[in-house]
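To start, the structure under review is shown below, and the notes come after it.
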There are 2 protein chains.
Amino acid sequence: MSRYAPPLARLIKELARFPGIGEKTAARLANFILHESAEDARRLAESILEVKEKIRLCRVCFNLSEGDVCPVCSDPDRDGTVICVVEDPDALIALEESGTYRGLYHVLHGVLSPLDGVGPEKIRVRELIERVRGGAVKEVILATNPSVQGEATAVFLMRSLAEKTVRVSRIATGVPVGGDLKYADRMTLAKALEGRRVM
Amino acid sequence: MSRYAPPLARLIKELARFPGIGEKTAARLANFILHESAEDARRLAESILEVKEKIRLCRVCFNLSEGDVCPVCSDPDRDGTVICVVEDPDALIALEESGTYRGLYHVLHGVLSPLDGVGPEKIRVRELIERVRGGAVKEVILATNPSVQGEATAVFLMRSLAEKTVRVSRIATGVPVGGDLKYADRMTLAKALEGRRVM
């Protein structure tokens, strides 16, 4: 590091803090910044500051939002009777990009993980139950990941919502479209068999 | 992209301009920035601006430098009679990190590449010849990469310096230390044989 001119060394150090970015890649990125126009560099720096300043959580669903309420929640064409519960904003974006869901969301911002000290009070469970208590909701789709913690969270939410007059469903687990059974792991195959549907 | 809140979408777009960073990685990096402290984000943004503002080329060797003359050129302990010619500042850093070279450098900032319209006037050839003409230099080590263009540039520089009373040498090409002959390509093996030295 000490071979670099100090401002460059500082930038490399800052970039190397990114997950998955080692010192070599950081040096390559820093070099790119060094050679791009001052205008481009300024825009990058500004958008870093802007994102910290302007992005907040939607008051309703806790999606990332520029305003008080996110575009999904403020869209009058969305079906307010269905809430799809996801772990994080990326899952929400993936579902939105699939283009098949027209209801609302609820972003937990985490999953239950007792070993890491993450209990229901650390994720947006209380807020979900309050939304459901509101009365307009008819179905809650649990779309946490099909991982150990995602499943545990789904089971917990299902129980928490059991006394409410709302349908609680879980997304299907199975062999992905375009996937090949010979490359699917045993758990996925077991789930695919278990979740089979009459044609 | 449109699924992201606008400031986040802008940051992702800026980050995706980096070489080797696609949209998914850019989204991951943007997410990291979103979740780090405002202080950390500010430091990153500032170091981007700082690098554009403060880094310039050393007046002597064209290495990246914070001041007018780079630390190598201003170090009185370096041997001013040897100049090692490299393609770019990264090559200089790699050589410095090897810890075996005590002379000065000359950074060309490119290699001859007629197909891309890069002739001698586009890289720092004239400045090298002027440095050599100064008289203090006894040896010029050509350390451009052992690629087609690096070799062509080395041959060109060798000819340009031929009339000067200076020794012109070329770094060795061969099997890298720790390398295995069975994985070395034919060209490298040919060069390693050609460059063999009596033990």
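The values are calculated or read from the model by the stated rules, or taken from the named source; none is laboratory data. This one's a predicted model, so the numbers in the text were calculated from it and none came from an experiment. Glycine also receives a Cβ, built like all others from the backbone with ideal geometry; neighbour counts cover every protein chain displayed. Ligands, DNA and RNA are stripped out before the accessible areas are found, and what is left, the full protein with its side chains, is counted by its heavy atoms. Shrake-Rupley method; radii C 1.70, N 1.55, O 1.52, S 1.80 Å.
Check chain B and count each lysine pair with an alpha-carbon distance under 28 angstrom, considering only pairs eight or more places apart or from different chains.
So the count of such lysine pairs works out to 12.
When Cβ neighbours within 10 Å are restricted to other protein chains, what is their mean count per residue of peptide B:20-32?
Partner-chain Cβ atoms within 10 Å, mean over residues of B:20-32: 3.
Keeping all protein chains in place and using 1.4 angstrom, which order do B:61, B:73 fall into by accessible surface area, from largest down?
Order by accessible area, largest first: B:73, B:61.
Starting at the first residue of the stretch B:98-107, write each ³J(HN,Hα) from the Karplus equation 6.51 cos²θ - 1.76 cosθ + 1.60 with θ = phi - 60°, in whole Hz, x for Gly and Pro.
Listing the rounded values in order: 5, x, 10, 10, 10, x, 9, 10, 9, 9 Hz.
Of the candidates B:76, B:120, B:146, which one comes out as most mobile in a Gaussian network treatment of chain B with C-alpha springs shorter than 10 Å?
B:76
Any idea of the accessible area per residue across chain A, 1.4 Å probe, to the nearest Å²?
57
When the gyration tensor of chain B is built from Cα positions, what are the square roots of 5 times its three eigenvalues, in whole Å, from largest to smallest?
Output for chain B: semi-axes of 39, 24, 17 Å.
Among DSSP beta bridges whose residues both lie in the protein assembly as shown, state the antiparallel percentage, nearest 5.
Bridges in the protein assembly as shown that DSSP calls antiparallel: roughly 20 percent.
What FRET efficiency do you get for residue B:24 and residue B:167 if R0 is 56 Å and r is their Cβ-Cβ distance, rounded to the nearest 0.05?
0.60
As a test of understanding, state the convex hull volume per residue of the stretch B:6-54 from its alpha carbons, in Å³.
About 77 Å³ per residue, rounded to a whole number.
Please state the charge dipole magnitude for the stretch B:6-54, taken about the Cα centre, from unit charges on C-beta atoms (+1 on K and R, -1 on D and E), reported in debye and rounded to the nearest 20.
Charge dipole, the stretch B:6-54, about its Cα centre: 220 debye, nearest 20.
Going by amide H atoms built from the backbone, whose H comes under 5 Å of the H on residue A:168, apart from near neighbours?
A:140
First compute the accessible area of the stretch A:109-182 with a 1.4 Å probe, then give the percent of it belonging to carbon and sulfur atoms.
Solvent-exposed carbon and sulfur of the stretch A:109-182 make up 57 percent of the total.
Out of A:74, A:111, A:132, whose Cα points farthest toward the positive end of the dipole of chain A (charges: +1 Lys, Arg; -1 Asp, Glu; placed on Cβ)?
Towards the positive end, the residue furthest out is A:111.
Can you give the log10 of the normalised intensity I(q)/I(0) at q = 0.10, 0.16, 0.18, 0.20 Å⁻¹, computed with Debye over equal Cα scatterers of the stretch B:77-172?
Result of the Debye calculation: -0.23, -0.61, -0.78, -0.96.
Charges only on Cβ, +1 for Lys and Arg, -1 for Asp and Glu: so what's the dipole of the stretch A:77-172 about the Cα centre, in debye to the nearest 20?
440
Can you tell me the equivalent ellipsoid semi-axes for the protein assembly as shown? Use √(5λ) from the Cα gyration tensor, largest first, whole Å.
Largest first, the protein assembly as shown gives 58, 26, 17 Å.
Once amide H atoms are placed 1.01 Å from N in the peptide plane, what residues at a sequence separation of 5 or more from residue B:85, or on another chain, have their amide H within under 5 Å of its amide H?
B:106, B:141, B:142, B:143
Once the piece of chain linking residue B:160 and residue B:113 is laid out straight, how much longer is it, given 0.36 nm per residue of separation minus the C-alpha distance between them?
Using 0.36 nm per residue and subtracting the Cα-Cα distance, I get 15.3 nm.
Exposed loop trypsin sites (Lys or Arg not before Pro) only (DSSP loop, at most 14 other Cβ atoms within 10 Å): please give the longest stretch of chain A free of them, not including the sites.
Between exposed loop sites, the widest span is A:103-163.
Express the relative contact order of chain A as a whole percentage, based on alpha carbon pairs under 8 Å and six or more residues apart in sequence.
So the answer I get is 13 percent.
Using only helices, what value at 222 nm comes out for chain A when you add -39,500 (n - 2.57) per DSSP H run of length 4 or more and divide by the total residues, to the nearest 500 deg cm²/dmol?
Only helices count here, giving -13000 deg cm²/dmol.
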